[in-house]
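Have a look at the structure below before the remarks.
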Amino acid sequence: MPGPESSTAADQRFSVNLSILFTELPLLERPAAAAAAGFTAVELWWPWIDSPTPARSELDALRRAIEDAGVRLTGLNFYAGQLPGPDRGALSVPGEESERFRANIDVTADFARSLGCTALNALYGNRVEGVDPAEQDALALENLVLAARAADRIGAILLVEALNRPESPRYPLVSAPAAVGIVDKVDAATGLGNARFLMDLYHLSMNGEDLPSVIERYAPRTGHVQIADNPGRGAPGTGTLPLEDLLGRLRKAGYEGWVGLEYKPGDRPSAEAFDWLPAEARAAR
């Protein structure tokens, strides 16, 4: 990845994913740790994996931690089940998980609005043995429409993410075209036009996709980008992905949104996992 002399990093707006970085710290200490490392923006998976509707005191404590750290929340997942863990979302899973997702929609939207967060990610969910995939897809569209309307209510976009088949074999959206196809269905159903593709370059590379082609084709449909190197899902420079080139291609294709750092720090404190990014390029401009 670029050194201080490169303009590629300076052209990006980076946010730190506090659900995969700084996890050696309690949740409420992570926003300040990101700020201490020089970042001004953070993102999160749904932090309360056991509860789609946590107590207001818990929501207020996290809100205060983010505000007190002086960082901006740029992205938030809806409730997604056990993540990290065996689950990959809840919205297409019939029964209790779908109900938990629905109960979470307004909680997530209201929390995001309170912090000026304008991107909400809705993970699709795994296929369930014994359930017709068409039934799951119909349920997913119903729930994504509800989520898109809630996002629109707070002036946010709804993100639909492609994961990778090796690590998520029961997740049906394991290619860029598959995820963008769902984006199209949601927009057609709502008429709101606020559904977007979440382009995670690590997941797409794990799927063997032609990343320059994906960028050229889908950058206009992309609402958020996340990065990690491959193999290993570590920091840029720990694998073989040409991330500097890919981020440059995204900029040339017109993408001006956030780039989420969603990688594992490795066997070191998270604060030491940003050597690839000059300090002056970490604060969003």
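Every number here is computed from the coordinates shown, using simple stated rules; none is lab data. This one's a predicted model, so the numbers in the text were calculated from it and none came from an experiment. Please note: Cβ atoms are built from the backbone with ideal geometry, for glycine as well, and neighbour counts cover all protein chains shown.
The simple spin-label model puts a point 7 Å past each Cα toward its Cβ; for Ala138 and Glu96 those points are separated by 2.4 nm.
What helices does the chain have that are whole DSSP H segments, at least 18 Å long along their own axis by Cα, and with mean Kyte-Doolittle hydropathy of -1.0 or more? Mind dumping the intermediate values first?
Working: long enough: 56-69 (20 Å, -0.77); 96-114 (28 Å, -0.90); 133-153 (30 Å, 0.02); 176-190 (21 Å, 0.83).
Within the chain the helices that satisfy the rule are 56-69, 96-114, 133-153, 176-190.
Once label points are set 7 Å from the Cα along Cα→Cβ at both Asp106 and Glu216, what is their separation, rounded to one decimal in nm? So the label points at Asp106 and Glu216 sit 4.7 nm apart. Applying the Karplus relation 6.51 cos²θ - 1.76 cosθ + 1.60 with θ = phi - 60° to the stretch 267-279 yields 3J(HN,Hα) values of 7, 7, x, 4, 4, 9, 9, 10, 4, 5, 10, x, 4 Hz, where x marks Gly and Pro. Working from Cα pairs under 8 Å separated by at least six residues, relative contact order for the stretch 139-275 is 20 percent. Counting every C-alpha pair in the stretch 157-233, the share spaced more than 19 angstrom apart comes to 31%.
I'd like the distance separating the alpha-carbon centroids of the stretch 186-240 and the stretch 151-166, in whole Å. After rounding, the separation between the Cα centres reads 11 Å.
Quote to one decimal, in nm, the extra length available between Ala61 and Ala279 on full extension: 0.36 nm per residue of separation minus the C-alpha distance between them. Please report the intermediate quantities before stating the final value.
Details: separation 218, 0.36 × 218 = 78.48 nm, distance 2.85 nm.
75.6 nm is the gain from fully extending Ala61 to Ala279.
Short-range pairs are left out: with C-alpha atoms under 8 Å and at least six residues apart, the relative contact order of the stretch 1-132 is 23 percent.
Please give the FRET efficiency for Leu192 paired with Trp48, using the beta carbon to beta carbon distance and R0 = 41 Å, rounded to the nearest 0.05.
Values: r = 27 Å, r/R0 = 0.67.
Plugging the Cβ-Cβ distance into 1/(1 + (r/R0)^6) gives 0.90.
If the elastic network links every pair of Cα atoms under 10 Å, which of Leu59, Leu247, Leu44 fluctuates the most in the Gaussian network model of the chain? Per the Cα network of the chain with a 10 Å cutoff, Leu59 tops the list. Scalar couplings 3J(HN,Hα) for the stretch 158-169, obtained by applying the Karplus form with A = 6.51, B = -1.76, C = 1.60 to θ = phi - 60°, are 9, 9, 10, 10, 8, 9, 10, 5, x, 8, 9, x Hz; x denotes Gly and Pro. Springs join every pair of Cα atoms under 10 Å in this Gaussian network model of the chain, and among Ala273, Ala188, Ala80 the largest mean-square fluctuation is at Ala188.
Taking R0 as 30 Å, what FRET efficiency do you get between Arg251 and Asp184 from their Cβ-Cβ distance, rounded to the nearest 0.05? About 0.75, to the nearest 0.05.
Is the C-alpha gyration tensor of the stretch 121-210 telling us rounded, prolate or oblate? Criteria: a/c under 1.5 is rounded; beyond that, a/b larger than b/c is prolate, otherwise oblate. Write out the running numbers ahead of the final one.
Details: a/c = 2.25, a/b = 1.30, b/c = 1.73.
Oblate is the answer for the stretch 121-210, as a/c is 1.5 or above yet b/c matches or exceeds a/b.
Does the stretch 204-285 come out rounded, prolate or oblate by the C-alpha gyration tensor, with a ≥ b ≥ c the root eigenvalues, rounded set by a/c under 1.5 and, if not, prolate when a/b is larger than b/c and oblate if not? Mind showing how you got there, number by number?
Working: a/c = 2.27, a/b = 1.35, b/c = 1.68.
The shape class here is oblate.
In plain terms, the C-alpha convex hull of the stretch 1-159 casts an average shadow of 10.5 nm² when viewed from every direction. Compactness of the chain is given as radius of gyration and Dmax, 17.7, 55 Å, from Cα positions.
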